[in-house]
Amino acid sequence: MNPGTNRQWRVARYPRRDEVIGPEHFTWTSEAVREPDEGQFLVRTICLAPVPAQRGYLEKNHNDFLENLPVGAVMRGRGVGEIVASRHPDYQVGDMFIGSLGWQDYSIQHPRGKEFVFSTRKVTNPLRPLSTQLGVLGQAGATAYFGLLDIGKLKPGDKVLVSGAAGGIGSIAGQIARICGAGVVVGTAGTEAKCRWLRETLGYDAAINYRTENVPERLAELFPDGIDVFFDNVGGDTLNAALGQLAMHARIVICGFISTDYAPGTHHGPINYQRMVYKRARMEGYVLFDYWDRYAEAEGNLLRWYRQGVLKATEDESQGLETMPAALASLFTGGNTGVKICRVAPDPEHLPG
Ligand SMILES: NC(=O)c1ccc[n+]([C@@H]2O[C@H](COP(=O)([O-])OP(=O)(O)OC[C@H]3O[C@@H](n4cnc5c(N)ncnc54)[C@H](OP(=O)(O)O)[C@@H]3O)[C@@H](O)[C@H]2O)c1
């Protein structure tokens, strides 16, 4: 990489609603690296996190909190990087920084900038590998943490089901359930290898391959007394199956719904929602952005568990900024195991291990 050049992925065209996103929706460009003006600083990207929500930036009115991107714009994306030039008194060269860096090598940041939102900050405990700041110690970890403990109100002994369990947030949610004393932890995932990983590496009691197994039958076997907490990343048929196997006063945490969001075909509502009446169950959606004032709580506990060795990092790195569109596409085809990260540059040498 030429140090004076900023390589970028820009939006080339919007995918159709049911089209799988891929490299054809982006253009690879480059420009000279800019110098920061007064009040600004320059960040060199080290890692980027492709997440399913980025698909929505290429669609009008996709959600309530971030605008869609125009064709030609640098693709928006959260990342972690190093401040390499600064004309802002609070941001020093050498600080690690997390924020909306975009799919590019360098970004100019300033606290009143349009993209300077949502937990943009200096990294308080920079550790090697820095990818953990976007995974187990970052937003993926915090989303699992608040979903399970605040929305799911997990109690010791609870029997927990996690869907999308081998994905980014799911791979952390099951581990937190175990750490916090869940009685049983079961995950659903799309391949045998992922199911084995959940059982053998992440400490799940059991895993269900939703592509090859009968999910309602397996849930009935594994949860004879019902599911107390269902942490749902996928929605659709899996949500419906889980609703059919609830325990009394079950909590259903709606984190995501990747199986129906951009999938082709017609999708139906979950008919088993009727079971929520008999089981006095509660279903609640949430958005991590509502938890910024409590973010330090999640960050502190995740770091403590990670240092104790009871919470494992699950980042799944692809190498090079060039791989970013394919990395995003892989989320929709099950290509990732754990938190998908795109490594753009090596970790700075001065970081502790
Ligand atoms: N509420 C919030 O604040 C919040 C914040 C961030 C993300 N989210 C949402 O949380 C969910 C998880 O996010 P993440 O970033 O950790 O992504 P992720 O779970 O890593 O997403 C990719 C995984 O989704 C699974 N998947 C893809 N298509 C599927 C389908 N049709 N049916 C079932 N599973 C499918 C694949 O695993 P398999 O191989 O198992 O199919 C794939 O590995 C997403 O829905 C995301 O939008 C919510």
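Would you please name the residue that is farthest from residue 190 (Cα to Cα), looking only at residues in segment 212-249 that are more than 15 Å from the ligand (Cβ to nearest atom) and part of a loop (DSSP other than H, G, I, E, B)?
225
Tally time: how many residues in segment 288-338 are among the small types (Gly, Ala, Ser) and within 9 Å of the ligand (Cβ to nearest atom)?
Step one: list which residues in segment 288-338 are among the small types (Gly, Ala, Ser), which gives 296, 298, 300, 309, 313, 318, 320, 326-327, 329-330, 334-335, 338.
In the following step, the residues that additionally are within 9 Å of the ligand (Cβ to nearest atom) were identified as 330, 334-335, 338.
The number of residues fulfilling the criteria is 4.
Can you give me the ranges of the helices (runs of 4 or more DSSP H) entirely in segment 256-353 with at least 3 residues that are not hydrophobic (A, V, I, L, M, F, W, C)?
In segment 256-353, the matching helices (runs of 4 or more DSSP H) lie at 258-261, 295-308.
Would you mention how many residues in segment 250-266 are more than 13 Å from the ligand (Cβ to nearest atom) and farther than 11 Å from residue 152 by Cα?
Of the residues in segment 250-266, 1 are more than 13 Å from the ligand (Cβ to nearest atom) and farther than 11 Å from residue 152 by Cα.
Just the residues that are farther than 25 Å from residue 340 by Cβ and touching a Leu at 6+ places or on another chain (Cβ under 6 Å), please, taken from segment 53-107.
84, 85
Okay, residues lined up against (1) touching a residue at least 60 places away in the same chain (Cβ under 8 Å); (2) assigned to a strand (DSSP E or B); (3) touching an Asp or Glu at 6+ places or on another chain (Cβ under 7 Å); (4) of a type in the set (Phe, Trp, Tyr):
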{"residue": "7", "(1), (2), (3), (4)": "yes, yes, yes, no"}
{"residue": "13", "(1), (2), (3), (4)": "no, no, no, no"}
{"residue": "18", "(1), (2), (3), (4)": "yes, no, no, no"}
{"residue": "28", "(1), (2), (3), (4)": "yes, yes, no, yes"}
{"residue": "44", "(1), (2), (3), (4)": "yes, yes, yes, no"}
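Go through segment 91-188 and tell me which strands (runs of 3 or more DSSP E), entirely inside it, have 1 or more residues that are modelled with pLDDT of 95 or more and over 30 Å from residue 242 (Cα atoms).
96-100, 106-109
Taking the residues in segment 167-189 that are of a type in the set (Gly, Ala, Ser) and surrounded by fewer than 19 Cβ atoms within 10 Å (Cβ to Cβ) as candidates, determine which candidate is nearest to residue 298 (Cα to Cα).
Top of the filtered list is 181.
Tell me whether segment 110-126 contains one or more residues that are surrounded by fewer than 20 Cβ atoms within 10 Å (Cβ to Cβ), of a type outside the set (Lys, Arg), farther than 23 Å from residue 347 by Cα and within 16 Å of the ligand (Cβ to nearest atom).
yes
The values are calculated or read from the model by the stated rules, or taken from the named source; none is laboratory data. Predicted, not measured: the structure shown is a model, and the values here were computed from it. A quick note on method: Cβ atoms are made from the backbone with ideal geometry, for glycine too, and the neighbour counts reach across all protein chains shown.
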